[in-house]
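What follows is a short report on a single structure.
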């Protein structure tokens, strides 16, 4: 095994031009942005082959799916740190190292776990783990036994700014809440931001709010069109170990669960209610939470693992005199889903696209900056974070414990799952329009001849599903750079078909593997774009801010106040 790993490492370090990765197919970087010649030269030097080589190594079977706190994840972290060191970047982690160690608790439901729906009258319904439900004990105990009534609370949202409270008039302390995924439907941008999903619609918020209200359990109803991903994605993600920050003092649930739509239909029918009618009613102000004549009898058996897993953080100093005012961050998560021991055949979640590609881009950007003749005007940080797949936990810790105060961070540019499909002609930058930086972004995209695509599925809440969100929660302007669906030589329909195929067949599945057919010119192009955007931020006369009234504006203002 060590010999195989050594061979893979040699391949990663030596493949300067992997198959299918030809940066020469890209047009030269635009010369009309007014950037220093050294920056344009660095953009030109960004190489698709090096990105491909990084992805090939990180997605190798020997890294066992890069689960956090296990052998493969630790190897990935050390590999990324070794690259930072090779480029001459300064450590920005703990105790003069590249590693910011984060304490976690892993919780994995075991086969003895059971859920039974017990109606006041009629037969009990025994649910099947993985097929009907998935669950995690957030309180981190080895066992939890629940026998409690189920309360249907609609979307499970308490949002004073929208005069909306699904918990009004009902006491859920010691009970189990049944919740619809997503948020009340709206086309009014002043009501839950219209069609764009807010954090209130995310499953993470649902569990957090249920625990704050005193519930001991919560069951989120999965429906593919509302969740924007099929049950298989929920099953694969939640059948593996769920991970929590060890020092998180927020209230937790004994049973944080997802249930299949069909299960919810059965549950509501026991109360003489129709699920689709109740979902429709829950989207109106006429909805009132109701305690159902059904109890959940649950026995949750968990395997507990306490461990550390690091964020990997490096820094290139700027030419600031005195305290830095607008440092730049680039981020990408290196973890994936690890190995599923219950799965027959190929059970390694290699995570080539998600997120070997983001790491490859991050490393190539670090290489480009380190080779640049001109020193940046402010510090540039490169952070590859852990436990993204477990709920953005590594970046959440980094956002709360940054190497410099949040007020000194001007912008975070994040990369996550950039499909290697060839030279792009469109990009996605969802959330950038919420910042004062957007005019610069539009100018830069125009210079690159990139169309900025609007979020094709605003109801999916993409902004809240990657690591930039963790920075935004602490007030730092942040967004992800992604490819659109228009690629050179192909109509948009082709790009959409590739997107759909990946989501249906490889996303969060063992099939997300590196192949020689991948064309990493996509990733090289977006690395160039990100370098240009980053330098524009570094040159800006003022630090980036959120648009007035944005949900993160208050956190930004708070971070700016003298401590």
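The values are calculated or read from the model by the stated rules, or taken from the named source; none is laboratory data. Computed from a predicted model, the values in this text were never measured in an experiment. In this analysis, Cβ positions are derived from the backbone assuming ideal geometry, glycine residues included, and neighbour counts consider all displayed protein chains.
Quick look at the numbers
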{"item": "Single match in 410, 431 (criterion: at pLDDT below 95 and touching a helix residue (DSSP H, G or I) at 6+ places or on another chain (Cβ under 7 Å))", "result": "431"}
{"item": "Residue among 110, 86, 138, 163 that is touching a strand residue (DSSP E or B) at 6+ places or on another chain (Cβ under 7 Å) and more than 19 Å from residue 208 (Cα to Cα)", "result": "110"}
{"item": "Test: residue in region 321-330 that is surrounded by 16 or more Cβ atoms within 10 Å (Cβ to Cβ) and closer than 30 Å to residue 141 by Cα", "result": "no"}
{"item": "From the options 344, 282, 289, 298, residue that is free of Cβ contacts under 8 Å to residues at least 60 places away in the same chain and farther than 30 Å from residue 476 by Cα", "result": "344"}
{"item": "Residue that is within 15 Å of residue 136 (Cβ to Cβ) and in contact (Cβ under 8 Å) with a residue 40 or more places away in the chain, where the choices are 227, 255", "result": "255"}
{"item": "Any hit, region 394-401, residues being closer than 30 Å to residue 307 by Cβ and assigned to a loop (DSSP other than H, G, I, E, B)", "result": "yes"}
{"item": "Residue check, residue 373 in contact with a helix residue (DSSP H, G or I) (Cβ under 9 Å, 6 or more places away or on another chain), surrounded by fewer than 20 Cβ atoms within 10 Å (Cβ to Cβ), touching a residue at least 60 places away in the same chain (Cβ under 8 Å) and in a loop (DSSP other than H, G, I, E, B)", "result": "yes"}
{"item": "Residue that is surrounded by the fewest Cβ atoms within 10 Å (Cβ to Cβ) [pool: residues in region 32-48 that are under 29 Å from the mean Cα position of the chain (by Cα) and not in a helix (DSSP H, G or I)]", "result": "47"}
{"item": "Enumerated helices (runs of 4 or more DSSP H) restricted to region 417-532, each holding at least 2 residues that are assigned by TED's automatic domain parsing to the domain that holds residue 64 and either over 21 Å from the mean Cα position of the chain (by Cα) or surrounded by fewer than 18 Cβ atoms within 10 Å (Cβ to Cβ) (or both)", "result": "438-447, 492-505"}
{"item": "Scope region 533-560; condition part of a helix (DSSP H, G or I) and closer than 30 Å to residue 360 by Cβ; matching residues", "result": "533, 534, 535, 536, 537, 538, 539"}
{"item": "Qualifying residue in region 76-97 (condition: buried (at least 16 other Cβ atoms within 10 Å of the Cβ) and assigned to a strand (DSSP E or B))", "result": "yes"}
